[in-house]
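The values are calculated or read from the model by the stated rules, or taken from the named source; none is laboratory data. Predicted model, so just to flag it, every value in this text is computed and none were measured. Cβ sites come from the backbone with ideal geometry, for glycine too, and all protein chains shown count toward neighbours. All accessible areas refer to the heavy atoms of the entire protein, side chains included, with ligands and DNA or RNA removed. Shrake-Rupley method; radii C 1.70, N 1.55, O 1.52, S 1.80 Å.
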Amino acid sequence: MSVGLDILVFGAHPDDAEIGMGGTIAKHTKAGQRVGICDLTFAEMSSNGNVELRQQEAQAASQVLQLSERSILGLPDRGLRSVLEQIDQIVAEIRRLRPRIVFAPYWEDRHPDHVQCGRLVEEAVFNAKLRRYMPEVSPWTVEQFYFYFINDLGPATMMVDVTEVYDQKMDSLRAYGSQFEAPKAGNDIVATPLNQGYLERVEARDRMLGQKRLVGYAEGFVSKPPYLVNLF
């Protein structure tokens with residue numbers, strides 16, 4: 001069975017993948033690779049915006065990043081749990097899209113849904129390769145699995161230089177106006193951590209990580225198995 005996507009990025013909510021690795025996504029689509037995002041929930045518990053608007057924003061961000069695929073599983077926002085029903089939906093999505101590489105949120109984050117998303121995807125990646133697990137759907141083995149950071153920068157063991165596509169990352173984030181635009185007199189937007197200079201903090205974080213290897217901007221990742229490098 002042939003590979004469907006080169007990269008599949010899971011997020012708990014629309015905008016998670018863009019915050020954590022929008023530059024890496026843009027860099028790979030620019031190189032002609034097929035990249036997809038799967039949002040686990042509609043983010044229906046968001047303080048600002050609504051499901052319809054957030055879906056429109058996600059589609060706009062997808063166009064900026066030139067995604068080959070964007071899907072949503074419709075799991076409950078603030079109701080992600082390590083139960084087979086939810087794991088199996090992710091397994092089915094992995095088997096449907098057949099990615100070489102999968103990314104999910106890092107296991108430490110201030111938002112419990114981000115943490116739970118990483119746990120669910122990690123289990124699903126393992127189960128997806130088992131031929132006797134959900135045998136009605138052909139198994140799929142993911143070649144590499146990485147974690148990305150959303151709200152905080154953890155101990156990155158790998159980084160990607162995204163300097164040349166950083167404007168594209170920021171444009172994809174600005175597509176989520178309901179989340180990141182500051183409240184103004186006369187509108188019904190409520191103040192949240194996301195609309196109080198959040199994008200500026202994301203940019204500062206990516207710039208700070210880039211300084212470690214003297215590049216303009218970088219995004220960090222973690223792999224539980226040792227990262228393999230062929231030296232020659």
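Quick notes
- Where a residue in the range 34-56 is in contact (Cβ under 8 Å) with a residue 40 or more places away in the chain and its partner, wherever it lies, is acidic (Asp, Glu) and surrounded by 15 or more Cβ atoms within 10 Å (Cβ to Cβ), with Cβ under 7 Å and at least six apart: Gly36/Glu69; Cys38/Glu93; Thr41/Asp77
- None of Trp140, Trp107 is under 21 Å from Val160 (Cα atoms), open to solvent by 20 Å² or more (accessible area, probe 1.4 Å) and of a type outside the set (Val, Ile, Thr) except Trp107.
- Looking only at residues in the range 164-215 that are out of contact with any strand residue (DSSP E or B) (no Cβ under 9 Å at 6 or more places or on another chain) and among the acidic types (Asp, Glu), the one that is modelled with the lowest pLDDT is Asp188.
Residues are listed down the side, and each one gets a yes or a no for (1) acidic (Asp, Glu); (2) in contact with a strand residue (DSSP E or B) (Cβ under 9 Å, 6 or more places away or on another chain); (3) open to solvent by 10 Å² or more (accessible area, probe 1.4 Å); (4) in a helix (DSSP H, G or I):
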residue	(1), (2), (3), (4)
Ile7	no, yes, no, no
Pro14	no, yes, no, no
Gly23	no, yes, no, yes
Ile37	no, yes, no, no
Ala43	no, no, no, no
Ser46	no, no, yes, no
Ala58	no, yes, no, yes
Val64	no, no, yes, yes
Arg78	no, yes, yes, no
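- Qualifying residue in the range 128-135 (condition: open to solvent by less than 20 Å² (accessible area, probe 1.4 Å), part of a loop (DSSP other than H, G, I, E, B) and under 21 Å from Ile37 (Cβ atoms)): no
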